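Okay, so here's the structure we're looking at.
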Amino acid sequence: MTALNTGDIAFLVICTLLVFLMTPGLALFYGGMVRKRNVLSIMMQSYAAMGVVTVIWVLFGYSLAFGPDHGHIIGGLDRT
């Protein structure tokens, strides 16, 4: 197993924080595009989608991003 690279970890944490900050902004943006009675529904759909994507990342995405690569394009599912 290779040693952890602090630069890679810092980059991943910063990107994750930016995505978590982007989600409320995206919910507000989508909420502004619908009628007043549908705003809460659209905002809750944005947060629910964030939850679903988080679960998919934990189950499959981490392994595809950081697992042993295949043809230097995508990682394998060895770490699922």
Loop-located trypsin sites (Lys or Arg not before Pro) in the chain, at most 16 other Cβ atoms within 10 Å (DSSP): Arg35, Arg79
Angle in degrees between helix 6-31 and the longest Cα principal axis of the chain, rounded to the nearest 10: 20
The chain: Cα Rg divided by the 2.2 N^0.38 Å rule of thumb: 1.45
Candidates Ile14, Ile56, Ile42, ranked by Gaussian network fluctuation over the chain, Cα under 10 Å, top entry: Ile14
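Rule-based calculations on the coordinates, nothing more; no lab input. It should be emphasised that the depicted structure is a prediction, and the values quoted were computed from it without experimental measurement. Here Cβ is always computed from backbone atoms with ideal geometry, including for glycine, and neighbour counts include all displayed protein chains.
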